[in-house]
1. Scan segment 126-139 and give yes if some residue there is open to solvent by 70 Å² or more (accessible area, probe 1.4 Å), closer than 22 Å to Gln57 by Cα and in contact (Cβ under 8 Å) with a residue 12 or more places away in the chain, otherwise no.
2. Counting only residues that are closer than 16 Å to Gly51 by Cα, give me the strands (runs of 3 or more DSSP E) lying completely in segment 68-145 with at least 1 of them.
3. With the requirement that a residue be open to solvent by less than 70 Å² (accessible area, probe 1.4 Å) and closer than 15 Å to Val94 by Cβ, what does segment 39-67 give you?
4. Cβ-Cβ under 7 Å, sequence separation 6+ or interchain: first residue in segment 84-104 and over 15 Å from Val36 (Cβ atoms), partner in a helix (DSSP H, G or I) and not aromatic (Phe, Trp, Tyr). Which pairs?
5. Output yes when any residue across segment 51-62 is closer than 15 Å to Phe112 by Cα, of a type in the set (D, E, K, R) and in a helix (DSSP H, G or I), and no when none is.
6. Scan segment 115-125 residue by residue and report those that are within 14 Å of Ile140 (Cα to Cα) and open to solvent by 50 Å² or more (accessible area, probe 1.4 Å).
7. Residue by residue through segment 86-108, note down the ones that are under 16 Å from Arg133 (Cα atoms) and crowded, with 16+ Cβ neighbours inside 10 Å.
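The values are calculated or read from the model by the stated rules, or taken from the named source; none is laboratory data. Every value quoted in this text rests on a predicted model; they were computed, and no experiment measured them. So basically every Cβ, Gly included, is an ideal-geometry build from the backbone, and we count neighbours across all protein chains shown. The accessibility values were calculated without ligands, DNA or RNA, using every heavy atom of the protein model including side chains. Shrake-Rupley method; radii C 1.70, N 1.55, O 1.52, S 1.80 Å.
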Amino acid sequence: MSHRIIRITQTLAAGVLIATCGCVGSGVRDQAGGMVASPHPVTADIPLPVGFRLVDQSSEDWASGSIRYVRHRYTGKADKSRTRQFYREQMPLVRWVETSDSNVHGRYTMKFERGAESCTITIQGRPPGMFGRVTVDVIITPIAP
């Protein structure tokens, strides 16, 4: 009987550990809705939720010396509000400082700065019932001196 209780206790402890550590794949779980950061984002210093993909025909980037320009579009199946919360939590982890955050007619626009660069993230989604697709536009530009 006592061996059986130990086995049940070990099973419950393992379940609690898995549930509370937030370990899903090799990404990092955020606090709002369980969105996970991809371990291999397209742009190393811009977090990307797992399951989001680059829309290549709507994206461009270039770099020259220490100056770069990035205009990427990503799409994924997600909740628009949770995607916004994901960027609120993840961008500071890669040293981006939020300078503004707005919602105009359901279009979220977040602005961040880091060093000599500015990053604007725009999040849009289809109405409920339309497959829950979210589009994330990321624009990184140099800050004018």
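1. yes
2. Here the list reads 117-125, 133-142.
3. Pro39, Pro41, Thr43, Asp45, Ile46, Pro47, Leu48, Pro49
4. Glu98/Met91
5. Checking segment 51-62: not a single residue is closer than 15 Å to Phe112 by Cα, of a type in the set (D, E, K, R) and in a helix (DSSP H, G or I).
6. Initially, segment 115-125 is screened for residues within 14 Å of Ile140 (Cα to Cα), giving 115-122.
Correct list: Gly115, Ala116.
7. If the condition is that a residue be under 16 Å from Arg133 (Cα atoms) and crowded, with 16+ Cβ neighbours inside 10 Å, then Phe86, Tyr108 are the ones that fit.
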